[in-house]
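*Asks:* My structure is below; once you've seen it, I'll send some questions.
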Amino acid sequence: MFLWRFFIFSISLMLALQSFAQKDTLSSNDSLKRTLISVKPFATKKKRIKTFDTLTFRAGFDLIGTGQRLITNKFALHLNTDLAFRNKNLVVSEFTWASRKDVQKATYFAQASILRLGWMHNFLHKQSKIDVFAIGLRFANAWYKEEMQTTLQNSIFGTEPVAFRQNLQASWIELNMELKAKIWKNLLMGYCLRYQFKPDVRGEQIFESYGIPSIGRTGRNNWGFQYGIWWFLGKK
């Protein structure tokens, strides 16, 4: 009888101790969870680079083309811009309005609007945020018109004026090398040397097209040179 009571007492004590141990474990786990929740991890702030801060912009025009009007019968206004990301890769665009007039045995007049778009790589992007020494390609398209005026001798009516006009388009590829350097604050000066190749003239030609103003003779590769000024916009 004593052994039976002792056995029941032992089983009851074991069950009680086991229940108490489970409650204690749950309470400790809850307190640990609350502690972990209350402790915030150290926030590491990542430095975000804003795209706008890394963009730079230059706008300028050519001095040679505009100055030609003073001493020759040629004129060219070159307006060029470039947009750069980290001053490394330049997206360039250029618009040109040009005219030319020659008077010999006949009067020849040509006028063109030219658009250039392309990409260039700046080799000075690590050394400077303003200066540029870049090489790249541009694709160009020209809309131009030519006019030829002359006189014909007629035995009956005498001298008669004759005029021929044509509207054409032309496209070509350019290999460009540019150097732009800061001279004062945000003002830059420099030059652009270009080799123009793969020309293609489109349109009905009443007479053989002579050339595109500021570009050169049609049907052959040409060299071009510009010397201009630019203004820089962006964070230095």
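*Asks:* Give, as a single signed number, the net charge of other residues whose beta carbon lies under 11 Å from the beta carbon of F225, with Lys and Arg counted +1 and Asp and Glu -1. List each step's numbers first, then the result.
*Replies:* On the way: positive: R194; negative: D62.
Surrounding charge for F225 is 0.
*Asks:* Here is a follow-up. Once you have the Cα-Cα distance between L63 and Q149, take 0.36 nm times their residue separation minus that, and quote the gain in nm to one decimal.
*Replies:* Working: separation 86, 0.36 × 86 = 30.96 nm, distance 3.07 nm.
27.9 nm is the gain from fully extending L63 to Q149.
*Asks:* Could you please report the charge total around L175, scoring K, R as +1 and D, E as -1 over all other residues with beta-carbon less than 9 angstrom from its beta-carbon?
*Replies:* Numbers: positive: R138, R194; negative: E174.
Charge balance near L175 sits at +1.
*Asks:* Could you compute how fast the range 53-101 diffuses translationally, taking Rh as the Kirkwood radius over C-alpha pairs and applying Stokes-Einstein at 4 °C with viscosity 1.567 mPa s? Give it in µm² per second. Don't jump to the answer; show the numbers that get you there.
*Replies:* Values: Rh = 12.1 Å.
Translational diffusion coefficient: 107 µm²/s.
*Asks:* Let me ask something additional. Placing unit charges on C-beta atoms (Lys and Arg positive, Asp and Glu negative, everything else neutral), compute the dipole magnitude of the range 51-233 about its Cα centre in debye, rounded to 20.
*Replies:* Numbers: 22 positive and 14 negative charges, 117 e Å.
The calculated dipole for the range 51-233 is roughly 560 debye.
*Asks:* Any chance you could check the Cα centroid distance between the range 140-171 and the range 173-218 for me, in angstrom?
*Replies:* Spelled out, the Cα-based centre of one part sits 25 Å from the other.
*Asks:* Quick one: go through the range 56-98 and flag any residue whose amide nitrogen is under 19 Å from the point 7 Å out along the Cα-to-Cβ line of N167.
*Replies:* Within reach of a label on N167: 96-98.
*Asks:* So, by mean Cβ neighbours within 10 angstrom, what's the order for 102-108, 170-176 with the highest one leading? Present the calculation step by step, with values, prior to reporting the outcome.
*Replies:* Working: 102-108: 11.7, 170-176: 18.4.
Ranking, from highest mean packing down: 170-176, 102-108.
*Asks:* Can you give the Rg and Dmax of the range 51-233 based on its C-alpha atoms, in angstrom?
*Replies:* 19.8, 76
Every number in this text was worked out from the coordinates using simple rules, so none of it is lab data. This is a predicted model, so every value here is computed, not measured. Ideal geometry is used to build each Cβ from the backbone, glycine not excepted, and the neighbour counts take in all protein chains shown.
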